[in-house]
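A short write-up of the structure that comes next.
Derivation of every value follows stated rules applied to the coordinates shown; laboratory data play no part. Keep in mind it's a predicted model, so treat the numbers as computed, not measured. Neighbour counts run over all protein chains shown; Cβ positions are idealised from the backbone, glycine included.
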Amino acid sequence: MIAFTNALANWNGTQMPLSEVKVSVLDRAFLFGDAVYEVVRVYGGKTFRFQEHLKRLERSLGELGIVGVDLERLNSRCKETVANSGEMEALVYIQVTRGEAKRAHCFPEKYTPNELIWVERFDDPYRQGRQAGVKVVTLKDIRWSRNDIKATSMVANCLAAQHAASNGCLESILIKDGFITEGSHTSVFAVKDNKLVVSPSSPNVLPGITKLLVIELAKQAGVQIVEDAVCQSAIFDMDEVFLSATPEEVLPVVTIDGRSIGRGNPGPITKRLIQAYENLKSGC
């Protein structure tokens, strides 16, 4: 699916193959996960919802107190790297670290952020899942309390994703205090009585760019939105459940913990939103 060695990277303004990027082991992203990131989709050679991603990146930088990043310059570097990659269907990965410093937990007084961009071809592996639906499992949410920051320190997310894979599922739906927060790398939506239910963004729930787009598309389609956390036990009584994220777009869920959701196939509102998303990206 991903050919890393062929991906075009931009390391602090210098373009090179991703395989040639060299990062110091004293970079705080390597030592502490002291960095933020975004993943942007490219359709037809054009970035999708890029300004929204850039705005969220700016917020994440502010929440971690990483200063010295020229967002206009980063914007230009992203556009240049996408254009020079020649890729028409791709993912753009953007990461900004606090940079290299002596190993100490507190922030260095002086530092220069490191900026990494790379563009990799994306042969969409989720097409079949959008038609047939996917399986997920539930899992206790053990992540920290600032999931609204898109930081690179994600070992708890990795554990959750591996739990899903080990159980033959695509994703883990995370449970905190008896309520659904989100997935390990996706937002979670449910449908009940033709109403779309989703956990509101909060310190425990990332303000997903695709999540916000799905809410926008649902409103345009006349679907009522209920921003409220879904109880763990109630998820099995939902008519439909689906996931959203930049690579996955809108992805129907047909079983949770081995139990069928609704009729066990993608539901009508989910399919309507998949089509609305398709129409939007086709015109971008």
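Some notes on this structure:
- Extension gain for His105 to Arg59 (0.36 nm times residue separation, less C-alpha to C-alpha distance): 14.4 nm.
- Cα-Cα pairs of the range 4-121 separated by more than 24 Å (percent): 24 percent
- Projecting the alpha carbon convex hull of the chain along each direction and taking the average yields 14.5 nm².
- A Förster distance of 41 Å, applied to the separation of the beta-carbon atoms of Lys46 and Ala132, puts the FRET efficiency at 0.90.
- Cβ-Cβ FRET estimate between Asn167 and Asn265, R0 fixed at 22 Å, reported to 0.05: 0.60
- Ellipticity estimate at 222 nm from DSSP helix runs (n ≥ 4, -39,500 (n - 2.57)) divided over the chain, nearest 500: -8500 deg cm²/dmol
- Between Ser233, Ser199, Ser172, the GNM of the chain built on Cα springs shorter than 10 angstrom shows Ser233 fluctuating the most.
- FRET efficiency, Leu212 to Met88 (Cβ-Cβ, R0 30 Å, nearest 0.05): 0.75
- Here each label is just a point 7 Å from Cα along the line to Cβ, and for Met16 and Leu159 those points are 3.6 nm apart.
- Distance between modelled label sites at Thr112 and Val69, nm, 7 Å Cα→Cβ extension: 1.8 nm
- Between Lys140 and Ala234, full extension at 0.36 nm per residue minus the direct alpha carbon distance yields a gain of 32.3 nm.
- Point-to-point label distance, Glu227-Asp257, nm (Cα→Cβ direction, 7 Å offset): 2.8 nm
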